[in-house]
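S.K.: Got a structure for you, questions after.
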Amino acid sequence: MHRYEYKVIPAPGKGLKAKGLKSPEARFAYALETAMNELGAEGWTYLRADILPSEERQGLTSSHTVYRPLLVFQRPLDPGASAPAPLPMEEADAPAEETTEETKKPPETSELPTKTDSEPEAETPADTTADPAAPETSDTTETPRKSD
């Protein structure tokens, strides 16, 4: 089992100027690339980027939450060990399937509950389609007929 150490740095806030880079997106990408290459030269492997909340004071008595973008790097603690590539999220989160004999065999009949003669049978209602919340109406009452 490998042991790692981690380094967390703030993501660049603005781009770096370089020859041929004119757009803000290109300058920002260059700043990110430079930071990652510098740490890569020191043996750090890029792991992920996170945005985490940070509680900061505002004035004398109040505080507010600021979200900070961070870059996370890792490297093995042993200088001679190489860092394995991180697993994709689907493989890392998937539970291992068990293939033991106990999970494959059906339950024995002695384990199933059986009905004894002393237990009374539960009566089932004759009409199960009726709504139990509906008021009962009776069709047996006859309406009086008018005589001519």
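S.K.: Residue check, LEU39 against (1) touching a helix residue (DSSP H, G or I) at 6+ places or on another chain (Cβ under 8 Å); (2) in contact (Cβ under 8 Å) with a residue 12 or more places away in the chain; (3) surrounded by 10 or more Cβ atoms within 10 Å (Cβ to Cβ), all met but one. Which one?
M.R.: Evaluating LEU39 over (1) touching a helix residue (DSSP H, G or I) at 6+ places or on another chain (Cβ under 8 Å); (2) in contact (Cβ under 8 Å) with a residue 12 or more places away in the chain; (3) surrounded by 10 or more Cβ atoms within 10 Å (Cβ to Cβ) leaves (1) as the failure.
S.K.: Only one of (1) under 15 Å from LEU70 (Cα atoms); (2) at pLDDT below 95; (3) open to solvent by less than 80 Å² (accessible area, probe 1.4 Å) fails for LYS7. Which number is that?
M.R.: (2)
S.K.: Within region 51-62, is there a residue that is within 18 Å of PHE73 (Cβ to Cβ) and modelled with pLDDT of 95 or more?
M.R.: From region 51-62, those within 18 Å of PHE73 (Cβ to Cβ) are 51-52; that's our starting set.
Next, only the ones that are modelled with pLDDT of 95 or more stay: 51-52.
Yes; the residues of region 51-62 include at least one that is within 18 Å of PHE73 (Cβ to Cβ) and modelled with pLDDT of 95 or more.
S.K.: What is the residue count in region 10-19 for residues that are under 26 Å from PRO76 (Cβ atoms) and open to solvent by 60 Å² or more (accessible area, probe 1.4 Å)?
M.R.: Total meeting the criteria: 1.
S.K.: Filter region 50-73 for residues that are open to solvent by less than 80 Å² (accessible area, probe 1.4 Å) and either touching a helix residue (DSSP H, G or I) at 6+ places or on another chain (Cβ under 9 Å) or more than 30 Å from ARG3 (Cα to Cα) (or both) and give the result.
M.R.: GLU56, GLY59, SER62, SER63, HIS64, THR65, VAL66, LEU71, PHE73 - these are the residues of region 50-73 that are open to solvent by less than 80 Å² (accessible area, probe 1.4 Å) and either touching a helix residue (DSSP H, G or I) at 6+ places or on another chain (Cβ under 9 Å) or more than 30 Å from ARG3 (Cα to Cα) (or both).
S.K.: Residues of region 20-35 being within 14 Å of ILE9 (Cα to Cα) and open to solvent by 60 Å² or more (accessible area, probe 1.4 Å), which ones?
M.R.: Step one: list which residues in region 20-35 are within 14 Å of ILE9 (Cα to Cα), which gives 31-35.
If the condition is that a residue be within 14 Å of ILE9 (Cα to Cα) and open to solvent by 60 Å² or more (accessible area, probe 1.4 Å), then GLU33 is the only one that fits.
The values are calculated or read from the model by the stated rules, or taken from the named source; none is laboratory data. Please read these numbers as outputs of a predicted model, since none were measured by experiment. Cβ coordinates were reconstructed from backbone atoms using ideal geometry, including for glycine residues, and neighbour counts include every protein chain displayed. Note: areas computed on protein heavy atoms with side chains; ligands, DNA, RNA excluded. Shrake-Rupley method; radii C 1.70, N 1.55, O 1.52, S 1.80 Å.
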